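The values are calculated or read from the model by the stated rules, or taken from the named source; none is laboratory data. All figures in this text were calculated on a predicted structure; none of them were measured in a lab. Here the Cβ is made from the backbone with ideal geometry for all residues, glycine too, and neighbour counts use every protein chain on show.
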Amino acid sequence: MTELIHAISLTVNGVRRTHGAVARRTLSDFLRHDLGLVGTHVGCEHGVCGACTVLLDGQPVRSCLIFAVSVNGRSVTTVEGLADGSELGPVQRAFGECHALQCGFCTPGFLTTITAGLAENPEPTRDQAVAMIAGNLCRCTGYHNIVDAVLRAAELIRERS
Ligand code: FES
Ligand code: FES
């Protein structure tokens with residue numbers, strides 16, 4: 001049986017994109033396989049690890065749990081959209097400065113999660129930084145340096161504004 005293809009139009013990283021997808025296509029697969037944005041990683045595929053986190057209208061969501069058809073007309077930011085043009089964005093720079101990644105598989109999800117978290121709370125305490133990343137799993141770093149990176153990113157964002 002042939003499945004119906006739905007036209008999905010959305011803004012991704014500031015660019016209007018349109019592509020067809022079947023109704024059961026997840027947003028993570030749509031971004032990676034249909035739009036070629038492979039920066040969004042897929043780990044558990046059931047909403048636990050946070051690796052697939054993207055921003056949907058500025059709010060962090062697990063793209064493995066969302067159907068692409070449901071984001072028609074909305075705005076998505078992936079890790080590819082976090083840079084300032086050719087320069088890394090502040091959260092990305094903070095990760096480099098604080099050595100907050102090892103294998104890097106979890107990193108796109110942390111970067112998007114922290115971007116949204118700092119937009120909501122630009123001056124987190126260390127405890128608040130820990131809470132900010134509580135929904136994301138990392139099997140390499142032990143989290144300490146990621147918490148440092150949250151606080152450093154907050155500084156960089158404040159310096160910029
Ligand atoms: Fe989506 Fe793990 S791949 S939460
Ligand atoms: Fe390897 Fe986080 S850096 S899983």
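Quick check: is even one residue across the stretch 109-120 among the hydroxyl-bearing types (Ser, Thr, Tyr), touching a residue at least 60 places away in the same chain (Cβ under 8 Å) and in a helix (DSSP H, G or I)?
yes
So if I check each of Gly73, Gly47, which one is touching a strand residue (DSSP E or B) at 6+ places or on another chain (Cβ under 7 Å), more than 15 Å from ligand 1 (Cβ to nearest atom), in a loop (DSSP other than H, G, I, E, B) and not hydrophobic (A, V, I, L, M, F, W, C)?
Unique residue meeting the criteria: Gly73.
Only one of these is in contact with a helix residue (DSSP H, G or I) (Cβ under 9 Å, 6 or more places away or on another chain), under 16 Å from Thr11 (Cβ atoms) and not charged (D, E, K, R): Ala68, Ala51. Name it.
Within the list Ala68, Ala51, the selection yields Ala68.
Scan the stretch 81-113 for residues that are surrounded by fewer than 17 Cβ atoms within 10 Å (Cβ to Cβ) and under 9 Å from the mean Cα position of the chain (by Cα) and report the count.
Final tally of qualifying residues: 0.
So which of Gly117, Gly142 ends up being under 19 Å from Ala51 (Cβ atoms), crowded, with 17+ Cβ neighbours inside 10 Å and modelled with pLDDT of 95 or more?
Testing whether each residue is under 19 Å from Ala51 (Cβ atoms), crowded, with 17+ Cβ neighbours inside 10 Å and modelled with pLDDT of 95 or more leaves just Gly117.
Would you be able to tell me the number of residues in the stretch 9-27 that are under 20 Å from the mean Cα position of the chain (by Cα) and surrounded by 12 or more Cβ atoms within 10 Å (Cβ to Cβ)?
Of the residues in that region, 9 qualify.
Within the stretch 50-64, which residues are within 13 Å of ligand 1 (Cβ to nearest atom) and in a loop (DSSP other than H, G, I, E, B)?
Gly50, Ala51, Cys52
Which residue out of Phe67, Phe30 is over 15 Å from the mean Cα position of the chain (by Cα) and within 14 Å of ligand 1 (Cβ to nearest atom)?
Phe67
Mind checking which pairs have a first residue in the stretch 85-103 that is under 16 Å from Ala129 (Cβ atoms) and a second that is more than 13 Å from ligand 2 (Cβ to nearest atom) and at pLDDT below 95, Cβ under 7 Å, 6 or more apart or different chains?
The qualifying pairs are Pro90/Arg160.
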